Structures are given as C-alpha cells and as structure tokens.
Amino acid sequence: MEGRLLIKHAVGGRTFLDSAKTGTAFAAAEREDGGWAFETIASAEVAKEILRWREELNVFVFEEKRDPVVKHWFYAEPVSVAYDEATGTLRLGASSRIEYVPDTYTW
Amino acid sequence: MITVYPKHTRYSHDHGWLQSNFSFSFGEDFDENNAKFGPMRVCNDDTVAARRGFGAHPHADMEVVSVVLSGQLRHEDNLGNIAVTGFGEVQRMSAGTGIVHTEANPSDDEPVNLLQIWFEPEARGLPPSYQTSSFDPNGLTGRFVPIVSREGGPTASKINQDLTMYLSRLPAGESLEFLQAPDRRVFLFQIEGAMYVSNAGDPTETATLQTRDTARITETPHLKLTTAGEEEAFFLLIDLP
C-alpha cells in the first residue's frame, strides 16, 4: 500500500509520525491472517512516544493521489508495537482496517 | 474531596466555526497530569457554527457520548447509522474495534452547543455500535434523570462502562442529595446557573460551581447540591468508578 503514513494519538489527534513531513518511506503489507504489518524508520524520541501511547494509536494510510482521496484506518495491536533502536526501525501490526472516502459523507 | 475546576482553567480554542473548551488533556493541549478521571478521558464543550462540523474520522476502544444542549447534531458512520439529535436526545457511540463517523451541524443558521464526553470501555475489542436515546426536557426538575448507564433504560443509552450520567434542574432555593456506593467518583458539569456542592457528612466541605465550572469529587459518597442565587441550576452529574 502506498501513500502517506500517519500515526496519531487516538485522544485528540496529536500527530506522532507523518511520513509526508519526514519524507520517510514505509512498508505496509497484508498478513496471511488478514491483518497488516507496518515498518518505517523513526527517531528514538518519536518511537518513545508511540510506545508510550501504544494502547491509543490511530494508524492511517492516506492515498492522496487518488481523487477523491481514500483513507485507510487500522486497528493497531498494542502488543505488536516495537522499536529497534540500533536500526531506528519502528514496527507495528494491525488486526483490521476500515477504508473510507471522506468526500462520500454528507452533512 | 471536592475539587472545582473553574471554566477558565479549560483549554479553550476559537477556530471561527468552532469554539472548543477541553476539561482534560486533548490533542495538542497535552497534559499528562490531566489525562483522566477514573475511566473518563474527555469532556469537550463545543459550539459548532451552522453547516460546519468534523469530517470523517475514526475512533476505537472508546465510549463516546454526545449531549446536545442547543441546536442540532448530525451523526453519520460507516455502519450505516445516520441520526440528527437535539436537546432531549443523547448519542452514544461504542467505538470498539473501530468506527468512522462525521459529526456536523445540519442547521442553516443556528449553532449547536454540545458536550462530548469519552470514557474508556470496560473491555477492549468490543464490536462497534451506535445508539440514540431520549429524555423529557421538561422532566428534569428536582430529580436526577439518567441519560446514559450500563444497563440503559427508558431515558438512558446503554454504555460499556460502570457509570451513570444524569441531568438535573434545580429551581432557586432548592436542594437535592446524591448518594453513591463507596469508593466511587462523581464528575459535575455546571451547565447553567450556580450551585453549592457540599459533603452531606461534613457540611464544612462546600464548594461553589458557576456556569461551565466542573468538579471532580472523590471519597464523598453523600453529596448535597443546592442552587446558589436566584437562577435555576442545570447540571450534569456522572457517577463513575
């Protein structure tokens, strides 16, 4: 899956990681069990906050090149959040996903 | 112990179309010393301009209650629920394993003022669900009317947490007493008017709430609430673990 990876705090939306701002690549792959596995590079400071709030993460991939924009939200698995300080690699898993197109919601 | 949080201590923002007042740490107003009160995580006093609102966004593992105080709030979610509620109605959303929704003011000319309150659920990974319930706006005087509870009821949405939310109106010069089981908490939100809040077991422990003040109360299972001044007191009381 390609696009923009965002990891935010689920209470109020504070952004921990935004691949569009850091220019960092990420990998998002579907697992055999139907879940998802993410991998990206993050600083130790960012990883520390993500690990601290692992129980309350909103993980998104925004497909912003599509018109209208398609957003994917993932139900993150707190136990899967891990950081390899030596390589700066942040990994996390998600058990399910909701795909949504904001423009299709009417007010 | 009765601790009053005057309204000016809230984190306040004016975005033009949205005026927000947060009682707890929320978003960029991060305060790890004010993150929760029991399972209560968020108490936002929002006013949204006509035809404006919050675009599609997700929630998970949170019980989200919206109490409309004036105007109308439209909810739409990925489960297919669409509802418009006004004063006298409550929206309860159990996010569970995930739900995406919008919240908007459908009115062409009237703002909506609502309290949005989030609670941690009793368990994670629950199936997502949505419910609206209603109460008689003219039936709040001199009594605690439950609007959200674990059991649900004729006037109450059902929530996945051991708590009850009540609304009440107290005419000038009147009092009500609230008794709860030991080792629980009370959260008070003074919607309108002013009120004295006392420990019925020790009347020297008294606080005063003005409009939009809140109080967090512990170790005080017997409260006496008395209207202060000549205006009716209208408040939200939450009985929490």
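Data overview
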read-out: Some residue of the stretch B:127-134 being within 14 Å of chain A (Cβ to nearest Cβ), of a type outside the set (D, E, K, R) and within 25 Å of B:Gln161 (Cα to Cα); value: yes
read-out: Qualifying positions in the stretch A:55-98 - under 12 Å from A:Leu6 (Cα atoms) and either surrounded by fewer than 18 Cβ atoms within 10 Å (Cβ to Cβ) or touching a residue at least 40 places away in the same chain (Cβ under 8 Å) (or both); value: A:Leu57, A:Asn58, A:Val59, A:Phe60, A:Val61, A:Phe62, A:Glu63, A:His72
read-out: Index of the failed condition, A:Arg31 passing every other in (1) within 12 Å of chain B (Cβ to nearest Cβ); (2) closer than 23 Å to B:Pro128 by Cβ; (3) open to solvent by 60 Å² or more (accessible area, probe 1.4 Å); value: (1)
read-out: B:Ala123, sole failed condition from (1) outside any strand (DSSP E or B); (2) aliphatic (A, V, I, L, M); (3) closer than 21 Å to B:Asn44 by Cβ; value: (3)
read-out: Qualifying residue in the stretch B:87-107 (condition: more than 27 Å from A:Glu56 (Cβ to Cβ), open to solvent by less than 10 Å² (accessible area, probe 1.4 Å) and away from chain A (no Cβ under 11 Å)); value: yes
read-out: Residue satisfying condition, being open to solvent by less than 50 Å² (accessible area, probe 1.4 Å), more than 30 Å from A:Pro78 (Cβ to Cβ), among the β-branched types (Val, Ile, Thr) and assigned to a strand (DSSP E or B), within set B:Val68, B:Val84; value: B:Val68
read-out: Which numbered condition B:Pro111 misses (of (1) touching a residue at least 40 places away in the same chain (Cβ under 8 Å); (2) more than 18 Å from the chain's Cα centre (by Cα); (3) within 24 Å of B:Phe37 (Cβ to Cβ)); value: (3)
read-out: Elements of type strands (runs of 3 or more DSSP E) in the stretch A:11-107, at least 3 residues being more than 21 Å from B:His57 (Cα to Cα); value: A:26-30, A:36-41, A:70-84, A:89-100
read-out: Test: residue in the stretch B:10-25 that is among the small types (Gly, Ala, Ser) and within 11 Å of another protein chain (Cβ to nearest Cβ); value: yes
read-out: Every residue from the stretch B:53-70 that is within 14 Å of chain A (Cβ to nearest Cβ) and either more than 13 Å from the chain's Cα centre (by Cα) or of a type in the set (A, V, I, L, M) (or both); value: B:Gly53, B:Phe54, B:Gly55, B:Ala56, B:His57, B:Pro58, B:His59, B:Ala60, B:Asp61, B:Met62, B:Val64
read-out: Every residue from the stretch B:26-52 that is under 20 Å from B:Ala215 (Cβ atoms), more than 9 Å from every other protein chain (Cβ to nearest Cβ) and either without any contact (Cβ under 8 Å) to a residue 12 or more places away in the chain or not in a strand (DSSP E or B) (or both); value: B:Asp31, B:Asn33, B:Asn34, B:Lys36, B:Gly38, B:Pro39
read-out: Criterion violated by A:Arg52 - all others in (1) open to solvent by 40 Å² or more (accessible area, probe 1.4 Å); (2) away from chain B (no Cβ under 14 Å); (3) of a type outside the set (Gly, Ala, Ser) satisfied; value: (2)
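The values are calculated or read from the model by the stated rules, or taken from the named source; none is laboratory data. Note that the structure is a prediction, hence the values are computed from the model and not measured. Neighbour counts are summed over all protein chains in view; Cβ atoms, including those assigned to glycine, are modelled from backbone coordinates with ideal geometry. Just so you know, the surface numbers come from the protein's heavy atoms only, side chains and all, with ligands and any DNA or RNA stripped out. Shrake-Rupley method; radii C 1.70, N 1.55, O 1.52, S 1.80 Å.
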